[in-house]
């Protein structure tokens, strides 16, 4: 199948097939005149079906996670000219500083978030066409491997980044989540049914933590938010499926972040892939044995990486794991800006926990000179703790890994 014919297949006439058409789902919208766009937007709002404007609040989320009540209020304030109570970014996070906005959001919001990158999308579609050049007929998502085989070219593309509108399908195929979904002897519905009937010792704690997970996000800020029942079901399902793990708070923020971009069942299988394949065993166990072992490895790597920084930490009696354990446990969810997290997760879902080491060491490398100038324990500890929230250039972070 030639590349040109493959790209032709990605036209809106095939919108009802579950294929890579998702890549170019807004192609026609881009060709509309401003008047036509306004007519479509007006029709949508007048019918009560409020949708995010491109680049506006909630525009990077899957449609089923759009908080319709907030979108309606935003539309009303736009019509009335009154300022909104809160401002939200593309991911649903409040961006008002007094409301504890997502770290660094004000700086990164100065640059528009691209849900589509035509050049990057072309590279990915060319890769799929080349990798499946023996396919007969149109190339759909179903014809791609449920677990993409590793290759140097695939790794190169992952490091460049995944087009945002391809992430739901590709994350599932990079991590092994799709493979688990297809091969599991128990369906997600069966797992959820069994876990809902099982009043485990973790049920009460899960309920307590639901609204604490990412409270600054509109999808998880109240019991009426669209993400809360999904998060509840997945956490209970995970605790039922993995009784040796039960419930670990670290999984909550990972699952909640996944739910912003993947449907509920896919988020569940992604979490299963993380637990079983992407991190060492016992990572989320009661004693956190796996993640603590990774902290000891990180400390030794830090010694080799920068003897001067190692000496500084020893002189001031600073235990690095007190800072970094949470980063590893949540795979950087909630500690870096969402735009940065997405690119980190592109690599994490393909390469596994080695990425957690690479990113941490890269941050230390970028911050090393500044850290070595500090002369008191509190300043050093705070500077280390603040490193993730200061990252606003993911390309520079990736380059620092090498």
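Assorted remarks:
- Residue in segment 380-396 that is surrounded by 15 or more Cβ atoms within 10 Å (Cβ to Cβ), modelled with pLDDT under 95 and closer than 30 Å to residue 245 by Cβ present: yes
- Of the helices (runs of 4 or more DSSP H) lying entirely inside segment 305-358, those carrying at least 3 residues that are touching a helix residue (DSSP H, G or I) at 6+ places or on another chain (Cβ under 6 Å) and closer than 19 Å to residue 291 by Cβ are 321-329, 338-351.
- Here residue 214 clears all of (1) over 21 Å from residue 344 (Cα atoms); (2) under 16 Å from the mean Cα position of the chain (by Cα); (3) not in a helix (DSSP H, G or I) except the condition numbered (1).
- Subset of segment 226-255 (residues that are part of a loop (DSSP other than H, G, I, E, B), crowded, with 20+ Cβ neighbours inside 10 Å and over 19 Å from the mean Cα position of the chain (by Cα)): 247
- Hits in segment 381-402 - residues which are without any contact (Cβ under 8 Å) to a residue 60 or more places away in the chain and not in a helix (DSSP H, G or I): 393, 400, 401, 402
- Residue in segment 294-310 that is under 23 Å from the mean Cα position of the chain (by Cα) and free of Cβ contacts under 8 Å to residues at least 60 places away in the same chain present: yes
- Residue match in segment 189-196 (condition: at pLDDT 95 or above, outside any helix (DSSP H, G or I) and crowded, with 21+ Cβ neighbours inside 10 Å): no
The values are calculated or read from the model by the stated rules, or taken from the named source; none is laboratory data. What you see is a predicted model, and the numbers here were worked out from it, not measured in a lab. Note: ideal-geometry Cβ built from the backbone for every residue, glycine included; neighbour counts use all protein chains shown.
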